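Visitor: After the structure tokens below, expect a handful of questions from me.
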Amino acid sequence: MKNPYKDDYSFAPRLNAKGRIVDDICYVGEYYILPFNKKQKNKTAIINFCFAIVLFALQILNGCLNQDSSRTAWIVFPYFMIYIPMAYFFMGASTYAQSPLKMQKAHFERGMERMRRSCYGILIFTSLSAILDIVYMILHASVMQVGREALYFVLHIVIIAVVLVFGKSYDHMYGGLYTEASENRLI
């Protein structure tokens, strides 16, 4: 598998004191600089983790309802697919929490960008799951437990709302992010 960040580094061979050839490795890519200090960054990391925990809790609560549609494959598979972008969201939040204020491209893409893209995935799969639940309610209106089915649908709407709130807070928190070219060049 090709390393997507290979071009962000320069390698310059040199002889060390023992006469061996060693590579001097230097980052030459862009830096992504957060518009706040370390304390504020830690606060944003906690906010990201809180959103991840709330999303997981709502999804697990949705799965604990035991509504009639939970025995239907075309309802269950989209429900389980939502966990994949949620896991990536959590991974992005933990990578962001460990990254410095002046991030290299790898930190930025595996942290902040992963959280943003994961929100799109959660939004798409949750919307699909909500639409399929509506179809199920229409097809099985006479034989289903309306209360549980409606609560299942409402929890999907709540998850969508939480993702949209995170999107707004993401834009607000990281709106001042800027890039800076690397000054370290070995040539």
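Visitor: Taking a cut-off of 17 Å between Cα atoms, list the lysines near Lys38, but don't count ones fewer than 8 places away on the same chain.
Guide: Partners found: Lys102.
Visitor: Pick the calculated mean projected area of the Cα convex hull in nm² for this structure from (i) 9.8; (ii) 14.4; (iii) 29.1?
Guide: Of the listed options (i) 9.8; (ii) 14.4; (iii) 29.1, (ii) comes from this structure.
Visitor: Same structure again: Provide His107, His156 in ascending order of the number of other Cβ atoms located within 10 Å of each residue's Cβ, fewest first.
Guide: Ranked by crowding around the Cβ, least crowded first: His107, His156.
Visitor: Taking Cα pairs under 8 Å and at least six residues apart, what relative contact order does the stretch 36-174 come out at, in percent?
Guide: Relative contact order here is 32 percent.
Visitor: Can I ask one more? Using +1 at the Cβ of each Lys and Arg and -1 at the Cβ of each Asp and Glu in the stretch 36-174, identify which of Tyr170, Leu151, Leu101 lies farthest towards the dipole's positive end.
Guide: Of the candidates, Leu101 comes out farthest on the positive side.
Visitor: Given Lys41/Lys168; Lys6/Lys43; Lys39/Lys105, which pairs have Cα atoms separated by over 25 Å?
Guide: Lys6/Lys43
Visitor: Would you mind ranking Glu180, Glu109, Glu149 so that the residue whose beta carbon has the fewest other beta carbons within 10 Å leads the list?
Guide: By the 10 Å Cβ count, ascending, the order reads Glu180, Glu109, Glu149.
Visitor: Run the helix sum for the chain: -39,500 (n - 2.57) per DSSP H stretch of 4+ residues, divided by residue count, reported at 222 nm to the nearest 500 deg cm²/dmol.
Guide: -20000 deg cm²/dmol
Every number here is computed from the coordinates shown, using simple stated rules; none is lab data. From a predicted model like this one, the values you see are computed outputs, not experimental measurements. Here Cβ is always computed from backbone atoms with ideal geometry, including for glycine, and neighbour counts include all displayed protein chains.
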